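J.: Let me begin by handing over the structure; questions about it come next.
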Amino acid sequence: MQHGKIEVAVKLEMSLGESPVWSSKNQTLHWVDINNGNIYSWNTQPGDAPSVISLNEQVGCVALAEEGLLAAAASGVKYLPEQGQVQHLVDNAEWDAQGNRFNDGRCDAAGRLWVGTIAGDETSPTAALYCLEGGKLEKRLSSMGISNGLAFSPDQRWLYHTDSLSRCILRYSFDVATGELGQGEVFVDLEQLGLPGVPDGAAVDAEGYYWSALYGGGRIVRFSSSGGLVEEYSVPCPHPTMVAFGGDDLRSLYITTATQHLQTAEDKHAYPDAGSLFTMRIATPGLVEPSAQPLRNR
Ligand code: BGC
Ligand code: CA
């Protein structure tokens, strides 16, 4: 496989593929189709089909947990043990109050789960970013429409985040020992760089570069730690949603995509592979994804 060539890894027609996350321990890629409430797990062997678990509600993201996965479903965070029943951990109060479901999430190196919400109408500034620690979900940032793009710098000194509607990616100074966030500052402004679409999911590589999926922009972009655009790859459909590094060398980039905004028959015809999982070999490896410890107190 060539560097820089994006290929279909698993042909799917997901409505809203999202949240790829690589388990180094199990050499398995997990991801979700938010709208259909499906959680996929795949050993990355070409020809082997992924296994699928269906929840009875939308599922915004998954994170690795010890002996299983955490899933931020629309109504709350669940623990899916490798063996046994799904356990409900905490409610999403915004779901009952406003119909805001959980969206993008990621675990920090101390095992906290950071997970945000998306406004029911995808525009009102009623969504927020939460941190799950010691079994409690605490609101950390508010007044946003679509919480997305969570990632941490390799030294855990920065938390990256975006309200996709703002078309800006922000970074906050971060203290991994306490979980405190400092002031946010603009890291990347898509407008200023003349980039299309909105910033969706992301991942940081071992050199500290931030890879972002431009939803509606049909491309994956790589930014240096000072926010400069250094690489750009066109995806064969307009709505890539998130990236993850996988494979035994962490040098396979996996990209989830969506069909939900392809409205017309022409659009669907023009992008036959939309909604699939894509992959590309890359030069710089990713970081090992930590496991969530949602009940642990510090
Ligand atoms: C959300 C989608 C939204 C997209 C682009 C995703 O994280 O789940 O519903 O359309 O971001 O903002
Ligand atoms: Ca997302």
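The values are calculated or read from the model by the stated rules, or taken from the named source; none is laboratory data. Keep in mind the model is a prediction, meaning the values are calculated, not measured. Here Cβ is always computed from backbone atoms with ideal geometry, including for glycine, and neighbour counts include all displayed protein chains.
J.: Please find, within segment 1-16, the residue that is nearest to ligand 2 (Cβ to nearest atom) out of those that are modelled with pLDDT under 95 and not basic (Lys, Arg).
T.: Filtering segment 1-16 for residues that are modelled with pLDDT under 95 and not basic (Lys, Arg), the one nearest to ligand 2 (Cβ to nearest atom) comes out as Gly4.
J.: So, one more: If you check every pair at least six apart or on different chains, which have Cβ atoms under 7 Å apart with a residue in segment 172-183 that is under 20 Å from Ser142 (Cβ atoms) first and a residue that is of a type in the set (Lys, Arg) and surrounded by 13 or more Cβ atoms within 10 Å (Cβ to Cβ) second?
T.: If the second residue must be of a type in the set (Lys, Arg) and surrounded by 13 or more Cβ atoms within 10 Å (Cβ to Cβ), the pairs left are Ser173/Arg157; Phe174/Arg157; Gly179/Arg112; Leu181/Arg140.
J.: Further question: Quick one: in segment 187-216, of everything that is in a strand (DSSP E or B) and either among the hydroxyl-bearing types (Ser, Thr, Tyr) or without any contact (Cβ under 8 Å) to a residue 24 or more places away in the chain (or both), which residue is surrounded by the fewest Cβ atoms within 10 Å (Cβ to Cβ)?
T.: Just the residues of segment 187-216 that are in a strand (DSSP E or B), to begin with: 187-189, 198-205, 210-215.
If we keep only those that are either among the hydroxyl-bearing types (Ser, Thr, Tyr) or without any contact (Cβ under 8 Å) to a residue 24 or more places away in the chain (or both) as well, we get 189, 210, 212, 215.
On the way: Asp189: 15, Tyr210: 24, Ser212: 32, Tyr215: 23.
Only one residue fits best here, namely Asp189.
J.: Turning to a different aspect of this structure: Could you list, in sequence order, the residues of segment 154-177 that are of a type in the set (S, T, N, Q) and in contact with a Lys or Arg (Cβ under 8 Å, 6 or more places away or on another chain)? It would help to see each step written out before you state the result.
T.: Just the residues of segment 154-177 that are of a type in the set (S, T, N, Q), to begin with: 156, 162, 164, 166, 173.
Across segment 154-177, the qualifying residue is only Ser173.
J.: Any idea which of Ser164, Ser142 is polar (S, T, N, Q), over 17 Å from Ala63 (Cβ atoms) and either more than 14 Å from ligand 1 (Cβ to nearest atom) or in contact with a Leu (Cβ under 7 Å, 6 or more places away or on another chain) (or both)?
T.: On inspection, the qualifying residue turns out to be Ser142.
J.: Assuming Asn297 fulfils every condition listed in (1) closer than 25 Å to Tyr130 by Cα; (2) within 17 Å of the chain's Cα centre (by Cα) apart from one, which condition is it?
T.: Going through the list (1) closer than 25 Å to Tyr130 by Cα; (2) within 17 Å of the chain's Cα centre (by Cα), Asn297 breaks only (2).
J.: Let me ask something else. Looking at segment 233-298, what strands (runs of 3 or more DSSP E) fall wholly within it and have at least 3 residues that are of a type in the set (Ser, Thr, Tyr)?
T.: Values: elements: 240-246, 252-257, 277-281.
Strands (runs of 3 or more DSSP E) meeting the threshold: 252-257.
J.: Is it the case that Ile34 is of a type in the set (Val, Ile, Thr), crowded, with 23+ Cβ neighbours inside 10 Å and in contact (Cβ under 8 Å) with a residue 24 or more places away in the chain?
T.: Numbers: of a type in the set (Val, Ile, Thr): yes; crowded, with 23+ Cβ neighbours inside 10 Å: yes; in contact (Cβ under 8 Å) with a residue 24 or more places away in the chain: yes.
For Ile34, the condition - of a type in the set (Val, Ile, Thr), crowded, with 23+ Cβ neighbours inside 10 Å and in contact (Cβ under 8 Å) with a residue 24 or more places away in the chain - is met.
J.: So, of the residues in segment 121-135 that are surrounded by 17 or more Cβ atoms within 10 Å (Cβ to Cβ) and not acidic (Asp, Glu), which turns out to be nearest to ligand 1 (Cβ to nearest atom)? Step through it out loud before you land on a result.
T.: Looking only at segment 121-135, we keep the residues that are surrounded by 17 or more Cβ atoms within 10 Å (Cβ to Cβ), and these are 126-133.
Checking which are not acidic (Asp, Glu) leaves us with 126-132.
On the way: Thr126: 15, Ala127: 10, Ala128: 14, Leu129: 13, Tyr130: 15, Cys131: 18, Leu132: 18 Å.
Ranking the qualifying residues of segment 121-135, first place goes to Ala127.
J.: Give the residues of segment 206-222 that are among the hydroxyl-bearing types (Ser, Thr, Tyr) and in contact with a His (Cβ under 8 Å, 6 or more places away or on another chain), sorted by residue number.
T.: In the first step, residues of segment 206-222 are kept if they are among the hydroxyl-bearing types (Ser, Thr, Tyr); the result is 209-210, 212, 215.
Of everything in segment 206-222, just one residue is among the hydroxyl-bearing types (Ser, Thr, Tyr) and in contact with a His (Cβ under 8 Å, 6 or more places away or on another chain), namely Tyr215.
J.: So is Gln98 exposed (fewer than 14 other Cβ atoms within 10 Å of the Cβ) and not charged (D, E, K, R) or not?
T.: On the way: exposed (fewer than 14 other Cβ atoms within 10 Å of the Cβ): no; not charged (D, E, K, R): yes.
No, not satisfied.
J.: Right, here's the next one. So if I check each of Ser19, Ser75, which one is modelled with pLDDT under 95 and crowded, with 17+ Cβ neighbours inside 10 Å?
T.: Just one listed residue meets the conditions, Ser75.
J.: Inspect all residues belonging to segment 224-240 and state whether any of them is crowded, with 23+ Cβ neighbours inside 10 Å and away from ligand 1 (no atom under 15 Å from the Cβ).
T.: No, because not a single residue in segment 224-240 is crowded, with 23+ Cβ neighbours inside 10 Å and away from ligand 1 (no atom under 15 Å from the Cβ).
J.: If you don't mind, another one. Could you list all residues from segment 167-184 that are assigned to a strand (DSSP E or B) and in contact with a Cys (Cβ under 7 Å, 6 or more places away or on another chain)? Before you say what the answer is, go through the steps one by one.
T.: Applying the first criterion (assigned to a strand (DSSP E or B)) to segment 167-184 yields 168-175, 180-184.
Across segment 167-184, there are no qualifying residues.
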